[in-house]
1. Could you work out which residue, out of 378, 328, 175, moves most in a Gaussian network model of the chain, that is, has the largest mean-square fluctuation with Cα springs under 10 Å?
2. When you take every Cα atom in the range 187-300, what is the radius of gyration, and what is Dmax, the widest Cα pair distance, in Å?
3. For the range 1-147, treating each Cα as an identical point scatterer without solvent, what Debye log10 I(q)/I(0) comes out at q = 0.21 1/Å?
4. How far apart, in nanometres, would the label points at residue 360 and residue 382 be if each is projected 7 angstrom from Cα along the Cα-to-Cβ direction?
5. Using modelled amide H (1.01 Å from N, peptide plane; none on Pro or chain starts), what sits under 5 Å from the amide H of residue 65, excluding residues fewer than 5 places away?
6. Restricting to DSSP H runs of at least four residues, report the calculated mean residue ellipticity at 222 nm for the chain, -39500 (n - 2.57) per run over all residues, nearest 500 deg cm²/dmol.
7. Count the net charge of all other residues whose Cβ sits under 13 Å from the Cβ of residue 12, scoring Lys and Arg as +1 and Asp and Glu as -1.
8. Compute the signed sum of charges (Lys and Arg +1, Asp and Glu -1) over the other residues within less than 11 Å, Cβ to Cβ, of residue 407.
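The values are calculated or read from the model by the stated rules, or taken from the named source; none is laboratory data. Predicted, not measured: the structure shown is a model, and the values here were computed from it. Because the Cβ atoms are built from the backbone with ideal geometry, glycine has one as well, and the counts that use them run over all protein chains shown. Calculation scope for accessible area: heavy atoms of the full protein, side chains included, ligands and nucleic acids excluded. Shrake-Rupley method; radii C 1.70, N 1.55, O 1.52, S 1.80 Å.
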Amino acid sequence: MRICIVGAGYVGLTTAAALADFGHEVLCVDMEESKINSLRQGKVPIYEPGLDDLITKNVKNNKLFFSSLVEESIKEYPVILIAVGTPSKDDGSSNLMFVHRVIDVIASTTNVYKIIITKSTVPPGTNEWIHKRLIEKGIDEDLFDVVSNPEFLREGFALRDLYHPNKIVFGTKTSRPIKNLKKLYYRGKAPYIFTSLTGAELIKYASNAFLATKISFANEMARICDAYEVDYDDIAKGIGTDPRIGRYFLNSGLGFGGSCLPKDLSSLKHSAVKKNVETKLLDAVREVNDTQIDLYLNKLTTELPDLTGKRITIWGVTFKPDTDDLRSSPAVMMIKKLLEKGCQVHAYDPMVQLELTGVYSHTNQYESVKNSDALIISTEWQQFLETDWAEVKSRMKGTIVLDARNCLDGKLVRKFGFLYLRIG
Ligand code: UGA
């Protein structure tokens, strides 16, 4: 198939590389000319394991192309896959400006049949709106099909998720595009879920809201465990073996961040309220998440009551390991709170040099702890799990290690003379 992917962001690029690798001819377009120029020179603007090589391979095989000529490209291709950003507005709703722009270009250029696939996460009703909008703009219903095809990729595992998805969701208005849609993805074992346009949109939101709920549940349980001096890991293990619950997304810590879970939770709430539906559970999920950082700070101040002037080292600044993404990173929020309290913050991350006024960013994990009063682990990079604690001990001034991702072996860390703190 010949596919034009609009948007060379995280979703657009990973999907473009994978679809080209599945044998399609893929043109990835973005109005940001500098980004397209870099991509043409083989420079990938995001870090995702395996993506550089996959792009290089498919560009070389003449399967993957890049262009900044959005209008011309959309006109030329029979399948348009929309992967533009849908950031949050101040009121929590999704800003659909970029989607609207693409639809207007499609409306002004379509004169032969096209399949228009929305991959961007959009609120319930958006794809119905797209369908209506195209008709209002004078495009005959026979000339297009709108399809809602949400993505479920995890950053850091995006290619694995694209090659081995656990489901492929297509929302359509009629069965007309289904034959072609089945040719789109790798013919693996993933079940197809066909539903309405709005049904597909809601599957995406329900999925991320459920994952967020699991995390906040885990964090609340960890609080209770902490009060009873019980190891929360035992609880996660104990309940996680029940297939009805499952072990995934039960890790407690600083809470969920990133560009999806917080944003999608707000947008879903907004969509619900618009229809006068109460969202008590979603509100509670948000509230637990929003209070995690203060809880960890309280843990720190029970041992170090006056943080003013204290030298604190933070390991991990990205919102989770194996990514360079800082969007809504709980670690960065924690750093900002430490700065407000007058701390001297030193940061180390295996992937990112944090540029934030008042923060000393290091390129060496062990250098970063020199003379520190406390060390906080805020992202569970594998490297931190393999730390040489004797080396850390010899460099630090204080003895506090606050494990804000509950990822270290506490017994081991204590053996080196540290005061090991965590919640649960
Ligand atoms: C999430 C979903 O997992 C994907 O399925 C979805 O496609 C994507 O959003 C999206 O909507 O595009 P992602 O944002 O890459 O993927 O990250 P996750 O792995 O879901 O992690 C989100 C946050 O939850 C991170 O801050 C992570 O540290 C936190 N988390 C995750 C926990 O605190 N505990 C856990 O047990 C798991």
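1. Checking each option, the largest mean-square fluctuation is seen for 175.
2. In order Rg, Dmax, the Cα atoms of the range 187-300 give 16.3, 51 Å.
3. The calculated log intensity ratios at q = 0.21 Å⁻¹ are -1.29.
4. 3.0
5. Distant-sequence amide H within range of residue 65: 26, 27, 28.
6. -13000 deg cm²/dmol
7. -2
8. Surrounding charge for residue 407 is -2.
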